[in-house]
Amino acid sequence: PDRAKRLLLSQLFQPLNLQGEAAEEGKGGEPTCRSHKLMLQAGLIHASSPGCYSYMPPTVRAMEKLIKVMDEEMQAVGGQKLNMPSLSSAELWRASGRWDRMGPELFRLVDRHGKGYCLGPTHEEAVTELVAAQSNLSYRQLPLRLYQVSRKFRDEPRPRLGLLRSREFHMKDMYTFDASPEAAQHTYDLVCAAYRSLFSRLRLPCVRVQAAAGNIGGTVSHEFQLPAEVGEDRLLLCPDGHFAANVETLSEEQTSCPTCGEKLSQTRGIEVGHTFYLGTKYSSVSNAVFCSSDNKPQLAEMGCYGLGVTRILAASIEVLSTEDSIRWPSLIAPYQLCFIPPKRGSKEDGEGAVLLEQMCDDVAEALPHLAGDSVLDDRTQLTIGKRLKDANKLGYPYVIIAGKGVCEDPPIFEVWNQNTGEVLFLTKEGVIELLSKAQVP
């Protein structure tokens, strides 16, 4: 029964193609990048049509971990999680003016009664109508900070770069309602700080830059950018950190920092988050009002805040990985541990295999938070070296091997710590002490 509980690599639905080029990388004709190639080779995604992907079980685990970290950060700033329909009424979008302004980017459809809808790329209209429907909202109930994590849709003219630019994607979107511009600015600062905390926990070198408000609108807007060669945005950064902006917000002649005068350096970035202070742009359309302290109806001041869930996964692989080996932010790696037993028929096989399985059980008992976070590579027809190479490519933060030292007294296990690049030779107690540092959300 214990063996049945272990996750065996041979049973994991993750079709590996680690030997060379990903078979599907040209599907749909889109150019590829490191993260796209690695995710296809590692069996993390499967292209079903241009810009649409099935996420394999390990990818879903990484997403769920990432969402858990997002939940912690959003709830720390008073966020309340809800879920709104993907189908959004055309009437709402017409009222805000975005039905026409968004153009062919919207996936549009008509139901059997002739009523128009779109598949929501974002939910400003829907959430504002939801809050407007609460006719007895009081200033005492504000600030209201509502968020969801859901599938979004954008009819990209040319989907490309795997999950970095797809037609269907997962996003965390928060919408806030405040009683005054000052309170809304306070909320804006709080959420931006939560985003910084999130990227710090993931150990991703994100930078906040001034940005254009685009189709969403509002008066203040910032993007959270992950510097990367493949990034589609051009950024100008002050070397001392005083100033950062997306090039699209600046005049052509701006080449020096407005604070310190230093020459701005240019880099490319992947947008992984975006924040907007909306004011009353949407609340005025839907009449989203609250009862003020002097008993008068007053329009709520709004903000909206997005984080690309699937884009953060791909972008983190893009910037942390080597050309042929995935490196995850350790916190959200699908599995923390990979156990590699001896090769079948080797002199360590019998006793070593038993000792390694005992080690799996001991780790699960001593560190229950890691109990479901390990994979046993049971492909014992392959050499340890071949399986170690595969584990390295798949990016497990810790690989524990029953090698030549496993039959010593006491048994010694070979441990690869991908976070530090170290190879350690440890007793069972040493392995458990090392793994006690492993974090899962």
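The values are calculated or read from the model by the stated rules, or taken from the named source; none is laboratory data. Keep in mind that this is a model prediction, so the values were computed, not measured. We place every Cβ from the backbone using ideal geometry, glycine too, and count neighbours over all the protein chains shown. Side chains included, ligands, DNA and RNA excluded: accessible areas come from the protein's heavy atoms. Shrake-Rupley method; radii C 1.70, N 1.55, O 1.52, S 1.80 Å.
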Checklist entry - Can you name the residue in region 399-426 that is within 24 Å of GLN14 (Cβ to Cβ) and polar (S, T, N, Q) and, of all such residues, is least open to solvent (accessible area, probe 1.4 Å)? => result ASN417
Checklist entry - Just for region 370-398: of the residues that are closer than 22 Å to GLU64 by Cα and more than 23 Å from the chain's Cα centre (by Cα), which one is surrounded by the fewest Cβ atoms within 10 Å (Cβ to Cβ)? => result ALA371
Checklist entry - Which of the residues spanning region 377-435 are outside any helix (DSSP H, G or I) and either small (Gly, Ala, Ser) or in the same structural domain as MET39 (by the TED database) (or both)? => result GLY395, ALA402, GLY403, GLY421
Checklist entry - When the residues of region 427-441 are filtered to those that are at pLDDT 95 or above and crowded, with 19+ Cβ neighbours inside 10 Å, which remaining residue is farthest from LEU337 (Cα to Cα)? => result VAL431
Checklist entry - Any residue at all in region 337-352 that is buried (at least 18 other Cβ atoms within 10 Å of the Cβ) and within 27 Å of CYS206 (Cβ to Cβ)? => result no
Checklist entry - Tally time: how many residues in region 151-178 are in a strand (DSSP E or B) and farther than 16 Å from GLY306 by Cα? => result 2
Checklist outcome for this item: Checking GLN134, GLN185 in turn, the sole residue that is outside any helix (DSSP H, G or I) and either assigned by the TED database to the domain that holds LEU226 or modelled with pLDDT of 95 or more (or both) turns out to be GLN134
Checklist outcome for this item: The residue that is modelled with the lowest pLDDT, considering only those in region 261-284 that are over 27 Å from VAL319 (Cβ atoms) and either over 32 Å from the mean Cα position of the chain (by Cα) or part of a strand (DSSP E or B) (or both), is GLY261
Next on the checklist: Given the criterion within 27 Å of VAL77 (Cα to Cα), touching a residue at least 40 places away in the same chain (Cβ under 8 Å) and among the basic types (Lys, Arg), identify the matching residue among ARG268, ARG311.
Outcome noted: ARG311
Checklist entry - Tally time: how many residues in region 32-86 are assigned to a helix (DSSP H, G or I) and over 27 Å from THR275 (Cα atoms)? => result 8
